[in-house]
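**Q** Here it is, the structure in full.
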């Protein structure tokens, strides 16, 4: 095998057998999850994944906004329907063009969307905690030379064709 990117076979072997060692903190994933449970995004900051914090807040903020908007619309349609039932034709609600059935349908629609928004927001909150935990686990992943991926180029000397391959090596 010839040189690859200026490295000899001996240099590639030395690089492949080098072991990167880091001190492992077994409580780091639990801490990151706890921090994210207390304040969303704090676990990502603990893991030094600062770029994820705006994503966490944008997702949670969108869910909370959708919940609040649907709640406001639900209350508006509900109040208009109650006023119509109480005052009859003398009511001056903000939806005079809607029938009673349309007001009921609008209430159901916004109630369903309000509940769905709450469920999605809770799911995103849990996902924030899981992300912090998994990220802390992956930071402790042992990276060493026993598991390597390196391209190899072999030249066929009979017809001078280049064969490019990818070798996956695992040593026990």
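**Q** All but one of (1) out of contact with any helix residue (DSSP H, G or I) (no Cβ under 9 Å at 6 or more places or on another chain); (2) modelled with pLDDT of 95 or more; (3) within 17 Å of residue 138 (Cβ to Cβ) hold for residue 23; which doesn't?
**A** Going through the list (1) out of contact with any helix residue (DSSP H, G or I) (no Cβ under 9 Å at 6 or more places or on another chain); (2) modelled with pLDDT of 95 or more; (3) within 17 Å of residue 138 (Cβ to Cβ), residue 23 breaks only (2).
**Q** Without any contact (Cβ under 8 Å) to a residue 40 or more places away in the chain and either in contact with a strand residue (DSSP E or B) (Cβ under 8 Å, 6 or more places away or on another chain) or within 30 Å of residue 28 (Cα to Cα) (or both), is that true of residue 61?
**A** yes
**Q** Keeping to region 87-120, report how many residues are part of a helix (DSSP H, G or I) and closer than 17 Å to residue 70 by Cα. Before the answer, list the steps.
**A** Quick first cut of region 87-120, residues part of a helix (DSSP H, G or I) only: 87-90, 100-120.
Cutting the leftovers down to closer than 17 Å to residue 70 by Cα gives us 102-120.
Selection size over region 87-120: 19.
**Q** Taking region 96-129, which residues are surrounded by fewer than 17 Cβ atoms within 10 Å (Cβ to Cβ), in contact with a helix residue (DSSP H, G or I) (Cβ under 6 Å, 6 or more places away or on another chain) and over 30 Å from residue 53 (Cβ atoms)?
**A** The answer is 111, and nothing else.
**Q** Scan region 79-88 and tell me whether some residue there is closer than 30 Å to residue 40 by Cα and buried (at least 17 other Cβ atoms within 10 Å of the Cβ).
**A** no
**Q** So, one more: Tell me, which residue of region 75-93 that is in contact with a helix residue (DSSP H, G or I) (Cβ under 6 Å, 6 or more places away or on another chain) and farther than 19 Å from residue 112 by Cβ is modelled with the lowest pLDDT?
**A** Only one residue tops the list, namely 91.
**Q** In region 47-69, which residues are farther than 18 Å from residue 125 by Cβ and either assigned to a helix (DSSP H, G or I) or not assigned by TED's automatic domain parsing to the domain that holds residue 124 (or both)?
**A** Answer for region 47-69, where residues must be farther than 18 Å from residue 125 by Cβ and either assigned to a helix (DSSP H, G or I) or not assigned by TED's automatic domain parsing to the domain that holds residue 124 (or both): 50, 51, 69.
**Q** Could you go through region 28-45 and let me know if any residue there is under 30 Å from residue 136 (Cα atoms) and more than 19 Å from the chain's Cα centre (by Cα).
**A** yes
The values are calculated or read from the model by the stated rules, or taken from the named source; none is laboratory data. As the structure is a prediction and not an experimental result, all values here were calculated from the model. So basically every Cβ, Gly included, is an ideal-geometry build from the backbone, and we count neighbours across all protein chains shown.
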